[in-house]
Ligand SMILES: Cc1cc2nc3c(=O)[nH]c(=O)nc-3n(C[C@H](O)[C@H](O)[C@H](O)COP(=O)(O)OP(=O)(O)OC[C@H]3O[C@@H](n4cnc5c(N)ncnc54)[C@H](O)[C@@H]3O)c2cc1C
C-alpha cells in the first residue's frame with residue numbers, strides 16, 4: 001500500500017492546472033498499488049488554492065503557510081517537501097513536470113535519499129514493483145524503469161494524465177508541523193521579470209499558436225501569430241529559431257529545451273518540424289501546420305496541413321475567424 005504526496009503548484013493564488021496531472025497520476029498508482037494520497041500546498045496566502053484542491057479525493061491537504069515561502073525558492077521549498085514526506089511516511093512524491101518542479105523536486109529527492117524519475121508518461125503495473133514510462137532524447141526513446149528504495153520521486157508530463165473528476169468528499173486540511181526558522185537563507189528572491197501579454201500560458205492553454213523562422217521580425221510575429229492566437233483565445237509559442245534571432249523571448253520557446261505543451265489544438269505557423277521542436281508539442285491532440293514547403297517534416301505529424309505562405313494564409317484566417 002502506497003502513501004503518495006502530491007506537490008501543488010500555484011501562482012498568485014491560483015492553482016496551476018498541471019497539478020491535476022500529478023493528482024491523476026497518484027490515482028493511477030493507487031489503483032495499482034492501493035493506498036492513499038495527500039496534497040502539500042506550500043506558500044503564503046494559499047487559502048484559494050487549498051479550496052480549489054477539494055473534491056479530488058486526497059486523504060488530507062497539508063498546508064505549509066509562511067512568509068518564508070512567499071517566493072518559489074527551491075532551497076526553502078525542498079526541505080518543506082522532505083518534512084511533509086517524512087511526517088506522512090510517504091513512499092512516492094509526485095509533481096507535474098514544470099520548470100518549478102524541475103528545480104525543486106530533485107533537491108527534495110536528495111534530502112530524502114530517494115530515487116527520482118522525471119517526465120513520466122505512464123504507470124505500468126508489475127508484480128515485482130510498479131514501473132514507469134518516461135521520455136528520453138527529445139521523445140525518441142521511451143524508457144521503462146522501476147525506482148528502487150522506499151521513497152520515490154516522480155514528475156509527470158501533464159498531457160499524459162487526463163484531468164481527474166472532482167466529485168470526492170472534502171479532504172481534511174491540516175497544517176504541516178515545520179520549523180520555518182530553520183529554512184536555509186543563503187539565497188534571496190530579488191525580482192521577477194515577465195512580459196505581461198494578457199494571453200494564457202502555453203502549458204495551460206487549450207490552444208497554442210506557435211511561430212517559426214517564416215516570421216521575419218517581432219512585428220510580423222505579433223501581427224500574425226499573436227493576432228491568430230487572440231482571435232482564438234489561445235496562447236502563443238515559438239520555435240527556437242525565433243528565440244535565437246531575438247524575435248521572441250525565451251519564455252515562448254516550445255521544444256526539447258523549452259516548454260512541453262499538450263494542448264487540444266497546436267497551430268504551427270512556418271515551423272519546419274525539427275525533432276527538438278516536436279519533442280515539445282507532439283502530444284497535442286490536433287496539430288495544424290501551415291508551411292509553404294510541402295515536404296516540411298511538420299506535415300508528417302500534422303492532422304491538418306496547409307501548404308501556403310503564412311503571410312497570405314494567416315491574415316485570411318484571422319479575417320474569417322474574426323467574423324464568427
Ligand atoms: C540541442 C538542441 C536543442 C534544441 N531545442 C529546440 C527547442 O526546444 N525548440 C525548437 O523549436 N528548436 C530547438 N532546436 C532547434 C531545432 O533543431 C531547429 O533548428 C528549430 O526548431 C527550427 O526552427 P524553425 O522550424 O522555426 O525554423 P526552420 O527549420 O528554418 O523552418 C522554417 C520553416 O518555415 C517555412 N517557411 C519559410 N517561409 C515561409 C512562409 N513565408 N510561409 C510558410 N512557410 C514558410 C520553411 O519552409 C521551413 O519549413 C534545438 C536544437 C538543438 C541542437
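The values are calculated or read from the model by the stated rules, or taken from the named source; none is laboratory data. Computed from a prediction, not measured in an experiment: that's the story for all the values here. Backbone-built Cβ (ideal geometry, glycine too); neighbour counts: all protein chains shown.
Number of residues in region 276-311 that are more than 8 Å from the ligand (Cβ to nearest atom) and either assigned to a helix (DSSP H, G or I) or under 22 Å from the mean Cα position of the chain (by Cα) (or both): the value is 12. Among strands (runs of 3 or more DSSP E) entirely within region 28-128, having at least 2 residues that are under 30 Å from residue 143 (Cα atoms) singles out 35-43, 92-96, 115-124.
Of all the listed residues (251, 239), the sole one being in contact (Cβ under 8 Å) with a residue 12 or more places away in the chain, within 10 Å of the ligand (Cβ to nearest atom) and not assigned by TED's automatic domain parsing to the domain that holds residue 161 is 239. Only one entry of 146, 157 meets the criterion of being surrounded by 20 or more Cβ atoms within 10 Å (Cβ to Cβ) and touching a strand residue (DSSP E or B) at 6+ places or on another chain (Cβ under 6 Å), and that entry is 157. Can you go through 136, 112 and tell me which one is modelled with pLDDT of 95 or more and either surrounded by 20 or more Cβ atoms within 10 Å (Cβ to Cβ) or within 16 Å of the ligand (Cβ to nearest atom) (or both)? The unique qualifying residue is 112.
Scanning region 256-275 for residues that are at pLDDT 95 or above and near the ligand (Cβ under 6 Å from one of its atoms) yields 270, 271, 272, 274.
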